Amino acid sequence: MSGYFVFALERVGGFGGFLIKLDIINEVVSRTGITKTKAEMAVETVFETMKRALSEEDRIELRGFGIFNVRPRKTGIGRNPRTGAEVAIPPGKAVRFKPGKELQTLQ
């Protein structure tokens with residue numbers, strides 16, 4: 001089975017267990033009645049704004065949804081799975097998400 005065919009099968013009947021950007025765009029179109037082009041621009045603007053804020057290490061708080069923030073990641077020691085040799089993992093930054101109360105109580 002080709003990857004696209006499997007993708008199409010999984011998406012039948014709702015979101016199929018996952019959601020992609022196109023699903024969000026289509027939902028904006030169906031709820032607002034705006035054109036798909038404008039909905040795509042709106043969704044893309046939201047994501048670009050969030051990326052820029054996180055790259056500047058700003059905190060993003062979406063009430064009722066959750067909080068995105070950037071936290072430092074410590075240095076560590078990992079292992080190469082093939083050789084078993086120890087590998088130094090450099091410090092970095094990671095985006096963290098803390099769900100809001102409404103998301104935590106999803107059934």
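Filter segment 68-107 down to the residues that are modelled with pLDDT under 90 and polar (S, T, N, Q), then identify the one that is farthest from Met50 (Cα to Cα).
Among those that are modelled with pLDDT under 90 and polar (S, T, N, Q), it is Gln107.
Can you pull out the strands (runs of 3 or more DSSP E) entirely within segment 16-94 that have at least 1 residues that are under 26 Å from Thr105 (Cβ atoms) and without any contact (Cβ under 8 Å) to a residue 12 or more places away in the chain?
Numbers: elements: 60-62, 66-73, 76-79, 86-89.
The strands (runs of 3 or more DSSP E) meeting that bar are 60-62.
The values are calculated or read from the model by the stated rules, or taken from the named source; none is laboratory data. Quick caveat: nothing in here was measured; it's all calculated off a predicted structure. Neighbour counts run over all protein chains shown; Cβ positions are idealised from the backbone, glycine included.
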